[in-house]
Amino acid sequence: MIRVERAKVYFEVRKGFFKRDIVKAVDGVSFKIDKGKTLALVGESGCGKTTLGKLTLRLVKPIEGRVFFDGLDITNLKEKELKEFRRKAQIIFQDPYSSLDPTQNVYQIVEEPLLIHKVGEKKERVYKALEDVKLIPQEDFLGKYPHQLSGGQRQRVSIARALVLEPNYIVADEPVSMIDASSRAEILFLLKELQAKKNLTFLYITHDIATAKYFADEIAVMYLGKIVEYGNPQEVIKEPKHPYTQALIEAIPEPEPKNKDRLRKIIGGEPPNPINVPKGCRFHPRCPYFMKDICDTKEPELKRVEGKREISCYLYEFRRDY
Ligand SMILES: Nc1ncnc2c1ncn2[C@@H]1O[C@H](COP(=O)(O)OP(=O)(O)O)[C@@H](O)[C@H]1O
Ligand SMILES: [Mg+2]
């Protein structure tokens, strides 16, 4: 369904008049998601999750590598084909407060994609989408503005807007991190239910590795623009192999922003900086198992170690007793 091959997304940021920095947001990433499945993408904020999600929707373009959707190479699509593709692929943003236009009511918000894509039967489709996200009876919500809704309801409206074009691929970018804890499980459950009902394919982005266990079929752990561990969520959470994944698991259950401090305490060292990526393994300055003249020389490749599990770490190239 979705296939990304050796993709790199770099941003140029100006620093003063002559100087510019290159932000290596996504730095050589390959993965695929099968139809009807969910891949969870986890990692600290700033590691490139959103950029990678946007890449699969071609909201950003790679400077290297390719992106495929249902076998179609979308890397260099022209405007018209891009628009067609966008009907089938949607995003749910992290923050339902800033991603919903405060001057539009629920009907207008959910209707908007239909106007953009010139789709008919607007009223029926909006009603159906609201039913799908359980904002019923619809009449109770259609005339409301975002500020009149709870966080959970707002996120349901974003989901309805993403669903209204009947896409088959959805990027859910930290869909529950900004809403109150009591609505989180409900929203995740709703997404799961919609997936089963509509055979949706999901990229589920989260910094909360624990929720991946319930939500995802596969998990990819990202560090500084790269996937460092990949596998079955239950197995990865039960027995993390990459030292970075181990630290992430140790940092559960504190959610961000507290989690950030906890993670920093567990790992130590400088927080990662995509402008200045360390030589060799990019995690080596913070790694408790750092091996001199190995980890700081050449970047380890993501290699399959057993079953579906893939790890990029020299520990697993020299040791065979894990
Ligand atoms: N449009 C942009 N221009 C410049 N830098 C960007 C842009 N988008 C993201 N970045 C940078 O790329 C890195 C990865 O960002 P992002 O993909 O948002 O990470 P995450 O979603 O994991 O928090 C960050 O350092 C961020 O500041
Ligand atoms: Mg993000």
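What follows is calculated from the coordinates using simple rules that are stated; it is not laboratory data. The model shown is predicted, which means the values in this text are computed figures rather than measured ones. A quick note on method: Cβ atoms are made from the backbone with ideal geometry, for glycine too, and the neighbour counts reach across all protein chains shown.
Using Cα-Cα distances under 8 Å and only pairs 6 or more residues apart, what relative contact order does the chain have, in percent? Reported relative contact order: 20 percent. Over segment 2-261, with a single point scatterer placed on each C-alpha, what log10 of the ratio I(q)/I(0) does the Debye formula yield at q = 0.09, 0.15 1/Å? The Debye formula, applied to the Cα set alone, gives -0.41, -1.13. Extending 7 Å from the Cα toward the beta-carbon at both Phe18 and Gln234 defines two label points whose distance is 6.0 nm.
Taking each residue as 0.36 nm, the span from Lys279 to Arg6 lengthens on full extension beyond its C-alpha to C-alpha distance by 96.4 nm.
Full extension of the chain between Glu121 and Glu79 yields a length gain of 12.6 nm, computed as 0.36 nm times the residue separation minus the alpha carbon distance. Among beta bridges from DSSP that stay inside the chain, the antiparallel ones total about 60%.
May I ask for the angle, rounded to the nearest 10°, between helix 151-163 and the longest principal axis of the chain, with both axes built from Cα atoms and the value confined to 0 to 90°? So the inclination is approximately 80 degrees. Within segment 140-236, none of the chymotrypsin sites (Phe, Trp or Tyr not before Pro) combine a DSSP coil assignment with at most 14 other C-beta atoms in a 10 angstrom radius.
Can you list the trypsin sites (Lys or Arg not before Pro) in segment 1-77 that are in a DSSP coil and have 15 or fewer other beta carbons within 10 angstrom?
Here the trypsin sites (Lys or Arg not before Pro) that fit, given the DSSP loop and packing criteria, are Lys35.
Helix 106-116 and the longest principal axis of the C-alpha atoms of the chain enclose an angle of approximately 80°.
The simple spin-label model puts a point 7 Å past each Cα toward its Cβ; for Ala196 and Tyr214 those points are separated by 1.4 nm. Are there GluC sites (Glu not before Pro) in segment 73-167 that DSSP marks as loop and that have at most 13 other Cβ atoms within 10 Å, and which are they? Those satisfying the criteria are Glu121.
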